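Reading through the structure tokens given below for one structure.
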Amino acid sequence: MTEQFKNAASCWKAILADVEKNRGLLTHIERFARENTDPATIVFGTSGWRGEIGADFTFQNIRVVTSAILEMLRGNDSSVMKAMGVSGFDEIKRRGIIVGHDNRFLGREFAMDVLGLLQQAGIRTWYAGESPTPEFSAGIEMLGAACAINLTPSHNPANYAGFKFNPADGGPAGSEITSVIEEISNRMMKTGRRLESAPPADIEGIDLSSLYLRYLRERQTIDIERILGFIKDDDCSICIDNVHGSTRGRVQKLLGENEKIIYLRTLDEPLFGGVAPEPSEKNMAGVEQALKGSPARLKLGAIMDPDGDRIRFYDGRVQIPMNYFGAMALHFLHVHKGLRGIVVKSVGTSNLVNAIAAALGITVRETRVGFKNFRPYMVEGAPERALVAFEESDGISGYNHTLEKDALFGLLLAVEMMAVTGMNLSEYLESIMDEFGHYFPDRSGISVDKDLVGAPLLNKLSVLGERYKKGAAIIIGGQTRTVKDVISVDGTKLVFDDGSWLMIRPSGTEPKVRFYIEARTAEGKKAVFETAERMTREALS
């Protein structure tokens with residue numbers, strides 16, 4: 001029956017068109033994944049290597065990438081070992097590597113191949129099974145492991161799998177590591193040599209959930225006891241949508257079973273019921289419906305992506321995206337918990353946090369997109385240590401916590417906010433905006449010619465930084481605005497005298513130009529978008 005599909009891509013197309021009717025076709029996907037030996041181009045993006053299962057993410061290519069990692073580690077290059085946080089390969093063998101996966105199709109099977117190759121090289125291994133990303137990060141530190149391999153593509157659709165690599169500090173691998181893995185992997189791909197499976201000799205399991213809870217209690221950024229007391233004694237209702245991902249069952253282990261907590265989409269479902277498994281506004285519908293019927297005074301809803309590194313909130317009235325929640329986290333940790341540090345955010349994130357930071361005398365650092373860029377501000381002993389680190393794409397971590405973005409941390413922080421302030425999230429947000437100003441972020445973009453992807457598009461858009469300098473006057477919605485600041489760490493960001501801003505940056509993977517904007521009124525967003533598009537088309541022409 002496989003003959004009806006030329007490749008895995010065509011089979012996935014049929015499956016995703018009707019997952020209930022065609023989920024039986026996954027047997028063909030497994031066959032493609034095991035038999036397809038076509039090489040793939042390995043690129044570690046902002047959060048690992050991702051590929052379509054059976055097309056480029058195959059058992060052969062998993063073995064190639066794992067073998068490339070082993071070659072890198074055996075090489076004992078001083079710069080790689082420094083970035084890894086170890087002295088050399090002997091230390092890595094002794095300290096060991098944690099391997100696990102999210103709920104994707106063939107996750108365990110892929111992990112067994114990785115474990116086998118690592119053991120064959122004399123490396124101690126732990127098998128974490130299905131676990132969310134933040135637990136790997138905390139687990140590395142709690143075990144004293146050398147690194148972790150987490151097979152997940154984060155929030156990508158069901159046809160994707162992924163490969164995350166975290167060194168000894170638990171954070172996402174930096175380019176000092178991933179560029180070497182890419183170079184060796186792609187060199188190996190060109191040889192066309194088939195690599196055989198090496199089943200693990202033994203499987204030593206590890207309970208990352210228990211380690212994560214211990215980690216939280218030791219770090220003390222989150223007050224677990226305060227949260228447990230709030231849920232037990234206060235008039236509250238909490239709803240968590242796991243979207244069938246690896247966070248299912250995790251919150252129960254942190255907070256225990258309680259009739260005040262509702263859990264949605266917790267089945268063993270690698271196809272996610274046919275939805276894109278991301279913490280989007282659209283996917284929040286189930287949470288909204290569940291909380292509508294609750295008479296509780298304090299309500300909290302949350303949706304997390306399959307590997308537990310992104311989260312979005314709802315409080316019975318409105319949704320609270322990370323653009324707002326990150327600013328609330330800074331205010332809460334500084335004002336209510338008395339913690340001190342700077343705030344770090346990706347450059348396309350709302351400037352509400354900038355306004356709060358300016359009023360409270362807190363330093364702000366803006367980085368390129370990608371959580372790995374927050375590492376210098378999050379490691380213990382950093383000269384400027386982050387109190388909060390977040391990005392507009394729903395990722396957050398905080399003081400003395402993991403270097404990876406962590407949806408579980410975000411959830412616990414939100415519950416603690418309610419416990420301490422006695423307010424719903426939207427009430428707390430309104431009080432903050434009344435004091436520090438109102439901000440309305442959004443994002444969009446336009447498609448461009450395919451020939452422009454990469455350097456050509458980057459070159460054309462570079463004219464924006466030359467054309468618009470500090471002090472330049474720009475007409476936005478019929479009003480003259482002055483450029484107060486120009487930030488060029490990732491594209492071109494123009495901040496205006498009223499606090500509104502726009503950022504224009506090329507997509508690194510698609511023929512698109514992305515716009516990130518923020519207006520000071522909801523009605524003002526349209527004019528800022530129009531200005532960003534006008535500037536972009538002028539640059540491209």
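The values are calculated or read from the model by the stated rules, or taken from the named source; none is laboratory data. Computed from a predicted structure; not experimentally measured. Heads up, the Cβs are rebuilt from the backbone with ideal geometry, glycines too, and the neighbour counts pull from every protein chain shown. Just so you know, the surface numbers come from the protein's heavy atoms only, side chains and all, with ligands and any DNA or RNA stripped out. Shrake-Rupley method; radii C 1.70, N 1.55, O 1.52, S 1.80 Å.
With the largest listed first and rounded to whole Å, the semi-axes of the equivalent ellipsoid of the chain from the Cα gyration tensor are 36, 29, 24.
Summing charges over all other residues whose Cβ lies under 12 Å from the Cβ of L208, with Lys and Arg as +1 and Asp and Glu as -1, gives -1.
Remark: the stretch 487-503, residue by residue, has Karplus-estimated 3J(HN,Hα) of 10, 10, 6, 7, x, 10, 10, 10, 9, 9, 5, 9, x, 6, 7, 9, 10 Hz, where x stands for each Gly or Pro and the curve is 6.51 cos²θ - 1.76 cosθ + 1.60 at θ = phi - 60°.
Charge tally for R312 (other residues, Cβ to Cβ under 10 Å; Lys, Arg +1; Asp, Glu -1): -4. Think of the chain as having a plus end and a minus end, set by charges on the Cβ of Lys, Arg, Asp and Glu; of I475, S10, Y516, I475 sits farthest toward the positive end of this dipole. Sorting 335-343, 206-214, 479-487 by average packing, meaning the other beta carbons within 10 Å per residue, from highest down gives 206-214, 335-343, 479-487. For the stretch 90-179, the dipole from Cβ point charges (+1 on Lys and Arg, -1 on Asp and Glu) about the Cα centre works out to 160 debye, to the nearest 20. Taking 17 Å as the cut-off, the amide N atoms of the stretch 449-475 that come nearer than this to a point 7 Å along the Cα-to-beta-carbon line of S179 belong to 455. Packing order of peptides 215-227, 16-28, highest average first: 215-227, 16-28 (average count of other Cβ atoms within 10 Å over each peptide's residues). Summing Lys and Arg as +1 and Asp and Glu as -1 over all other residues whose Cβ lies under 15 Å from the Cβ of L464 gives a net charge of +4. Using θ = phi - 60° in the Karplus curve 6.51 cos²θ - 1.76 cosθ + 1.60, the 3J(HN,Hα) couplings for the stretch 101-117 round to 7, 8, 8, 5, 4, 6, x, 5, 5, 4, 4, 4, 5, 5, 4, x, 5 Hz; x is entered for Gly and Pro. Rounded to the nearest 20, the Cβ-based charge dipole of the stretch 1-84 about its Cα centre (Lys and Arg +1, Asp and Glu -1) stands at 120 debye. Working note: Karplus 6.51/-1.76/1.60 with θ = phi - 60° gives the stretch 170-177 the couplings x, x, x, 4, x, 5, 4, 9 Hz, where Gly and Pro are set to x. For the chain, the residue among P456, F57, F136 whose Cα projects farthest onto the positive side of the dipole built from Cβ charges is P456. Sorting D394, D202 by accessible area puts them as D202, D394; the probe is 1.4 Å, largest comes first, and only protein heavy atoms count. Between D449 and V335, the FRET efficiency estimated from the beta carbon spacing at R0 = 41 angstrom works out to 0.25.
Packing-based ranking of 190-198, 248-256 yields 248-256, 190-198, ordered from highest to lowest mean Cβ neighbour count within 10 Å.
Backbone amide hydrogens, once placed in the peptide plane, bring I262 within less than 5 Å of I238, C239, I240, excluding anything fewer than 5 places away on its chain. Placing unit charges on the Cβ atoms only, positive for Lys and Arg and negative for Asp and Glu, gives the chain a dipole magnitude near 880 debye about its Cα centre. Rolling a 1.4 angstrom probe over the protein heavy atoms with all chains in place gives the stretch 172-286 an accessible area of 49 Å² per residue. Across the options G381, S346, Y399, the greatest Cα extent toward the positive end of the charge dipole of the stretch 309-415 (unit charges at beta carbon of Lys, Arg, Asp, Glu) belongs to G381.
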